[in-house]
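Asks: This structure is in structure tokens; I'll ask about it shortly.
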Amino acid sequence: MTRPNPPLTEPQYFILAALLDGPLHGYGIIKAAEQATGGRLRIAVGTLYGALERLERAGLVAPGAEEIVDGRARRYYLLTEEGTAALDREALRMRHAAAVVLGRTRDTGVAPA
């Protein structure tokens, strides 16, 4: 049985988040994700394009304009309405998960170090 809305992986989440402000090409997505996480998440090129392909098949991103820069094609990607909805669902899921931990008293049930 498949889940209708499986959670996004961390790279997928930050790829979609990078596209919230508008279309970006691959390198722009990598840099935006790295900046959003303070350098903690560095998406490798192979990971990026594999994730973009899966996100495109799922209808969460769409290819946009393409331009030639230094003799190489540069494709831009757009966030779809379904991609925005998936990103919102994931942010809400993470907020609820964080509330379970952040809403508790820290010294209760903690073993001494």
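Asks: Residues 26, 83: which one is in contact with a Phe, Trp or Tyr (Cβ under 8 Å, 6 or more places away or on another chain), surrounded by 15 or more Cβ atoms within 10 Å (Cβ to Cβ) and among the small types (Gly, Ala, Ser)?
Replies: Details: 83 fails: in contact with a Phe, Trp or Tyr (Cβ under 8 Å, 6 or more places away or on another chain).
After applying the criteria, what remains is 26.
Asks: With 89, 54 as the choices, which residue is in a helix (DSSP H, G or I) and either farther than 22 Å from residue 10 by Cβ or touching a residue at least 60 places away in the same chain (Cβ under 8 Å) (or both)? Spell out the reasoning first.
Replies: Values: 54 fails: either farther than 22 Å from residue 10 by Cβ or touching a residue at least 60 places away in the same chain (Cβ under 8 Å) (or both).
On inspection, the qualifying residue turns out to be 89.
Asks: Taking the conditions exactly as written (surrounded by fewer than 15 Cβ atoms within 10 Å (Cβ to Cβ), at positive phi, among the small types (Gly, Ala, Ser) and over 15 Å from the mean Cα position of the chain (by Cα)), does residue 71 satisfy them or not? Full working, then the answer.
Replies: Values: surrounded by fewer than 15 Cβ atoms within 10 Å (Cβ to Cβ): yes; at positive phi: yes; among the small types (Gly, Ala, Ser): yes; over 15 Å from the mean Cα position of the chain (by Cα): yes.
Spelling it out, residue 71 is indeed surrounded by fewer than 15 Cβ atoms within 10 Å (Cβ to Cβ), at positive phi, among the small types (Gly, Ala, Ser) and over 15 Å from the mean Cα position of the chain (by Cα).
Asks: If residue 60 meets every condition in (1) surrounded by fewer than 17 Cβ atoms within 10 Å (Cβ to Cβ); (2) within 22 Å of residue 7 (Cα to Cα); (3) at pLDDT 95 or above apart from one, which number is that one?
Replies: Among (1) surrounded by fewer than 17 Cβ atoms within 10 Å (Cβ to Cβ); (2) within 22 Å of residue 7 (Cα to Cα); (3) at pLDDT 95 or above, the lone unmet condition for residue 60 is (1).
Asks: While we're here: Among all residue pairs at least 6 apart or on different chains, which show Cβ distances below 8 Å where the first residue, located in segment 16-32, is over 16 Å from residue 54 (Cα atoms) and at pLDDT 95 or above and the second is open to solvent by 30 Å² or more (accessible area, probe 1.4 Å) and of a type in the set (S, T, N, Q)?
Replies: Listed pairs, sorted by first residue: 20/84.
Asks: Still on this model: Considering only segment 96-105, I want to know if a residue exists there that is open to solvent by less than 40 Å² (accessible area, probe 1.4 Å), of a type outside the set (Asp, Glu) and farther than 18 Å from residue 7 by Cα.
Replies: There is no residue in segment 96-105 that is open to solvent by less than 40 Å² (accessible area, probe 1.4 Å), of a type outside the set (Asp, Glu) and farther than 18 Å from residue 7 by Cα.
Asks: Would you mind stating whether residue 77 is open to solvent by 80 Å² or more (accessible area, probe 1.4 Å) and among the aromatic types (Phe, Trp, Tyr)?
Replies: Answer is no for this residue.
Asks: Could you look through segment 42-51, keep only residues that are touching a residue at least 12 places away in the same chain (Cβ under 8 Å) and assigned to a loop (DSSP other than H, G, I, E, B), and pick out the one that is surrounded by the most Cβ atoms within 10 Å (Cβ to Cβ)? Let's see the steps before the verdict.
Replies: The first filter runs over segment 42-51 and keeps only residues touching a residue at least 12 places away in the same chain (Cβ under 8 Å), leaving 42-43, 45, 47-49, 51.
Filter once more, keeping what is assigned to a loop (DSSP other than H, G, I, E, B): 42-43.
Values: 42: 12, 43: 23.
That would be 43.
The values are calculated or read from the model by the stated rules, or taken from the named source; none is laboratory data. Everything numeric in this text was worked out from a predicted model, so none of it was measured. Every residue, glycine among them, receives a Cβ derived from its backbone with ideal geometry; neighbour counts consider all protein chains shown. Areas reflect the complete protein model, heavy atoms only, side chains present, ligands, DNA and RNA absent. Shrake-Rupley method; radii C 1.70, N 1.55, O 1.52, S 1.80 Å.
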